[in-house]
2 protein chains.
Amino acid sequence: MATSGSSRYETEQLQKGCYYEWMSLQSKHIADLKEALMSQRSKENDRKLGELVGKIVDDFQKYTERRSELSHRCCSSYFAPSWNSSLENGLLWMGGCRPSSFIRVIYAMCGSQTETHLSEYLLKIDENVGDANNSTDGSMSDLTATQLAKINELHIKVIQKEDKITKKAANLQEDVADMPIAVTAYATDLVEAGVAVEDALDKHEECMAVVMAEADRLRFETLRKIVEVVTPVQAAEFLLAGKRLHVSLHEWGRVREEKRLGCARTGEASAAREDAGKSNRSATC
Amino acid sequence: MATSGSSRYETEQLQKGCYYEWMSLQSKHIADLKEALMSQRSKENDRKLGELVGKIVDDFQKYTERRSELSHRCCSSYFAPSWNSSLENGLLWMGGCRPSSFIRVIYAMCGSQTETHLSEYLLKIDENVGDANNSTDGSMSDLTATQLAKINELHIKVIQKEDKITKKAANLQEDVADMPIAVTAYATDLVEAGVAVEDALDKHEECMAVVMAEADRLRFETLRKIVEVVTPVQAAEFLLAGKRLHVSLHEWGRVREEKRLGCARTGEASAAREDAGKSNRSATC
């Protein structure tokens, strides 16, 4: 049975709502992480930080479970969501970010924090560095060789798993050129899809939903394993960085798109003014 | 230098125009191929068919070159185009179809034509088979073992090349979590992108455009090599099938989306009627 049009539309609205709830929860996570990282360092605080990190990872799992429920038979919209800018959609992998990019976030943080420490040391200008960055003990630039080796090992495994999932999705995409979709399309000129094709397309979306759920599980598992390897402070710094990157890319993409549309509207308005000018001139000629 | 908003908008409009021109050219190709395939088989006709196939392959190359020109610094829109339904966007690979799916089209055609011939033989009901399918000499189900081996060899090579391109795009996606984009995002709460980030995002789009052009070249080369392996009749049948599949998927995706929106509008209208009914009832209470 194909899912009816109206229920598909309702599902898409729920998907959108689920995404915006997640984005607003991420803003809360960012505020909570900042506050926790700014607090005086103590054993008690480390415990609280650990709890917060655990809660945030749990929240991500809940979000992926909700996405999975909502993607059943209506999965296509997750592969190029209308709520994303084209910049973000161009960065998507299986309806979300690449799990391997979590690890790139760690590498980039190590690099940038090491640079900051180096300039502090060379220029001896500690006063320009904020409170949070001052508490360098246990922060990302202090990852031990053992931690880095574990992260590197995880990176390799995650890339292998990503490749497997990419391959599954590729096979599903190729399958569309097979029966019964292909045969109906080849048989004659443009026809109504018909029940067989509609069912096949629904089936295709269901299979893509399974692949997306697998990708979501890999995203969650990568997050969980990173958090296991690093200290609570490092985990909090990593989550804060990742969330800021996500929220920033969403915002930058939106602004780039708005600028384009704004320019277009200004362009249209000035073209209209120009046209009006022309007609006025022709009226006065 | 970042591309200005207005020129990006103009480029996107040109991209859209280029796509619709291509879709309308595909409709012409379909009509031309059908006509040529329906004509009496003769040596002279085979030559004409060969010329038509060559022209269509050339037209595809011109289309990819135009896309490449238009994707410079404004490539994101090709990865989830606004002119596609979400069904089609979910099937996209590097801004187009998978080259390996061309070969799946051949396999599917072989299978379906063999089935047709088998039923003809078993049921001896030739009268239900149209003119085009009647001229089975040299059609897809008659691919020789040598041709099939060559197609199979091509399939393997194309998949390997697809994987390489997929890998390049994956690396570019991961790079976004690196400097300067990442560092600007990590540094503080939501900030304006700034020149460094805007330039980095433009650079990212440029690199994605290079990968898309490479994917387009692979699509074109795959098409060219298939046409070299098969006879003019088989090539024409293959192109006709591929184009019908593309046009059908575009149409089916559009109709599925319109049904959803239509249902939504009907839903909204009935909700409004219901609300109006409720106020009427409350007014009479």
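Coordinate-derived values only; no laboratory data. On a predicted model such as this, the values are computed, not experimentally measured, just so you know. As a convention, Cβ positions derive from the backbone with ideal geometry for all residues, glycine included, and neighbour counts pool all protein chains shown.
Figures for the structure shown
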{"quantity": "Label-to-label distance, nm, for residues given as residue B:195 and residue B:34 (7 Å Cα→Cβ offset)", "calculated": "5.8"}
{"quantity": "Under Karplus coefficients 6.51, -1.76 and 1.60, residue-wise ³J(HN,Hα) of the stretch B:76-93 in Hz, glycine/proline x", "calculated": "3, 4, 6, 8, 7, x, 5, 7, 9, 6, 5, 4, 5, 5, x, 9, 5, 9"}
{"quantity": "Axis-nearest residue of A (beta carbon) for the A-onto-B rotation, whole Å", "calculated": "A:80, 2"}
{"quantity": "The stretch A:152-161 - phi-based ³J(HN,Hα) in whole Hz, Karplus 6.51/-1.76/1.60, Gly and Pro as x", "calculated": "5, 4, 4, 3, 4, 5, 5, 4, 4, 5"}
{"quantity": "Separation in nanometres of the label points that stand 7 Å from Cα toward Cβ, at residue B:72 and residue B:221", "calculated": "2.3"}
{"quantity": "Quotient of C-alpha Rg and 2.2 N^0.38 Å, computed over the stretch A:18-114", "calculated": "1.30"}
{"quantity": "Per-pair calculated FRET efficiency, R0 = 45 Å: residue A:203 and residue A:149 via Cβ, rounded to 0.05", "calculated": "0.55"}
{"quantity": "Listed residue pairs exceeding 21 Å between alpha carbons, taken from A:161/B:203; A:203/B:150; B:62/B:225; B:161/B:225; A:62/A:168", "calculated": "A:161/B:203; A:203/B:150; A:62/A:168"}
{"quantity": "Nearest-first distances (nm) between copies at residue A:196, label 7 Å from Cα via Cβ", "calculated": "6.0"}
{"quantity": "Cβ-derived FRET efficiency at R0 41 Å, residue A:157 paired with residue B:258, nearest 0.05", "calculated": "0.40"}
{"quantity": "5 angstrom amide H check on residue B:93, placed H, neighbours 5+ away", "calculated": "B:98"}
{"quantity": "Copies compared at residue B:160 - label distances in nm, ascending, label defined 7 Å from Cα in the Cβ direction", "calculated": "2.2"}
{"quantity": "Cα principal axis extents for the stretch A:160-257, largest first, Å", "calculated": "62, 34, 20"}
{"quantity": "For residue B:47, inter-copy label distances in nm, listed shortest first [label point 7 Å out on the Cα-Cβ vector]", "calculated": "9.2"}
{"quantity": "Under the Karplus curve 6.51 cos²θ - 1.76 cosθ + 1.60, θ = phi - 60°, whole-Hz ³J(HN,Hα) for the stretch A:20-30, x wherever Gly or Pro sits", "calculated": "5, 4, 5, 5, 6, 5, 5, 4, 5, 4, 4"}
